[in-house]
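Note sheet for the following structure.
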Amino acid sequence: MWKSRPFWTPPKQRCPKGVSVGPCLLRCLECCLKLNCMIAHLYVLQEVRASMSVSVIIKWGGQEYSIRTLSEEDTVLDLKQSIKSLTGVLPERQKLLGLKVKGKPAEDQVKLGSLKLKPNTKIMMMGSREESLEDVLAPPPENDDVVNDFDIEEEVIEVQNREENLAKIARRVKDYKVEGMNPPRVGKSLLVLDVDYTLFDHKSCAETGQELMRPFLHEFLTSAYEDYDIVIWSATSMKWIDAKMKELGVTDNPNYKITFMLDSAAMITVHTPKRGVVEVKPLGVIWGKYSEFYNKRNTIMFDDIGRNFLMNPQNGLKIRPFMKAHLNREKDKELFKLSQYLKEIAKLEDFSGLNHKHWERYRAKKQSQ
């Protein structure tokens, strides 16, 4: 007796075409082999196509746009066309930060496969739509960090000495890795700078980072570097901090040097009676790691968000946010005036007696003497 198998014709039956069992069996076997081969081939094709697909996330105007329709054979120009369909920004208006070949921006004809992009790579785009100037200068979406900011003096209870907060700082001092860019200098004070809305309007649309840069930025940093080591601290990831600093021409500027940069991982959360849990930038992390150079007596920090000073309110200066760059570029002189303030207080051995809330009054008084 023949054992019944899915692709065999039972021995007592005849093939529908009247062919004897032997040839029919061979033909069935041949068909099955071809079918299995086709299935395997289709599977391989699917795997190859999947491996050749390119998926990226474009960050622009405070939003993220996912693109999953491209392959490794597509070019940078194809990517720009896909971005145009999502954002309305023409390819020639787009500047994609981080897409480089041998250290230079990737040209339009470069194939995406040669860029070795990881799945869902995030790419920051700079560029503006072809709209009227009035539309381009429309107010940016509300930023919760600005709207929900509050004056430190309104907080009745001090949080900087709470045991749980000090323990968090100690963990950051122990575990957070600082990538030094330039060595600290003996005898210099410390200037810690926020990025978004402090040095850079990160919401408005523009073709280049230079258009969104706060006026007098390089002059300010050049002057400050004479008396201060400069540290950048932003509440974002290091990837974006690095990209913005390079785009602004800060990282490799020959007139000054950045000592190091900190990202959101160096921040801690604290509980406040009025606002609940908030993230702050504790300068104790820097003081703990560089105690031989910096302390509360020689450190000042600029930020447009006052709550970032909750662990060290005496050292914080709340800067006016730089927004709507296209409208305010010509009249914003905040960094110019602050450079004069920094120059005046650099003469002091101890900043503890200063009230940075009245920095303009202090500056005017010194200039009148």
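So the values come out like this:
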read-out: Hits in the range 336-369 (condition: closer than 21 Å to residue 200 by Cα and touching a Ser or Thr at 6+ places or on another chain (Cβ under 9 Å)); value: 339, 340, 342
read-out: Output for the range 83-115, where each listed residue is charged (D, E, K, R) and modelled with pLDDT under 85; value: 92, 93, 95, 100, 102, 104
read-out: Residue ID - farthest from residue 241 (Cα to Cα), chosen from residues in the range 49-65 that are out of contact with any helix residue (DSSP H, G or I) (no Cβ under 9 Å at 6 or more places or on another chain) and outside any helix (DSSP H, G or I); value: 53
read-out: Of all residues in the range 324-369 being acidic (Asp, Glu) and over 33 Å from the mean Cα position of the chain (by Cα), the one that is nearest to residue 196 (Cα to Cα); value: 344
read-out: Residue within the range 252-272 that is buried (at least 16 other Cβ atoms within 10 Å of the Cβ), at pLDDT below 90, out of contact with any helix residue (DSSP H, G or I) (no Cβ under 7 Å at 6 or more places or on another chain) and more than 14 Å from residue 191 (Cα to Cα) present; value: yes
read-out: Residue match in the range 228-248 (condition: in a strand (DSSP E or B), surrounded by fewer than 21 Cβ atoms within 10 Å (Cβ to Cβ) and at negative phi); value: no
read-out: Those residues of the range 228-251 which are acidic (Asp, Glu) and modelled with pLDDT of 95 or more, in sequence order; value: 229
read-out: Residue list for the range 279-331, restricted to those being surrounded by fewer than 19 Cβ atoms within 10 Å (Cβ to Cβ) and acidic (Asp, Glu); value: 279, 292, 330
read-out: Pairs with Cβ under 8 Å, 6+ apart, first in the range 342-369 and in the same structural domain as residue 225 (by TED's automatic domain parsing) and surrounded by fewer than 17 Cβ atoms within 10 Å (Cβ to Cβ), second of a type in the set (Gly, Ala, Ser) and not in a loop (DSSP other than H, G, I, E, B); value: 343/223
read-out: Candidate set: the range 54-82, residues that are among the small types (Gly, Ala, Ser) and surrounded by 15 or more Cβ atoms within 10 Å (Cβ to Cβ); chosen: the one modelled with the highest pLDDT; value: 82
read-out: Residue in the range 177-187 that is in the same structural domain as residue 302 (by TED's automatic domain parsing), farther than 22 Å from residue 297 by Cα and free of Cβ contacts under 8 Å to residues at least 60 places away in the same chain present; value: yes
read-out: Answer residue from the range 67-120, given it is in a strand (DSSP E or B) and in contact (Cβ under 8 Å) with a residue 24 or more places away in the chain and is nearest to residue 211 (Cα to Cα) among those; value: 95
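This table checks each residue for (1) within 24 Å of residue 323 (Cα to Cα); (2) out of contact with any Phe, Trp or Tyr (no Cβ under 8 Å at 6 or more places or on another chain).
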| residue | (1), (2) |
| --- | --- |
| 222 | yes, no |
| 235 | yes, yes |
| 242 | yes, yes |
| 250 | yes, yes |
| 260 | no, yes |
| 282 | no, yes |
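The values are calculated or read from the model by the stated rules, or taken from the named source; none is laboratory data. All values reported here derive from a predicted model rather than from experimental measurement. Note: ideal-geometry Cβ built from the backbone for every residue, glycine included; neighbour counts use all protein chains shown.
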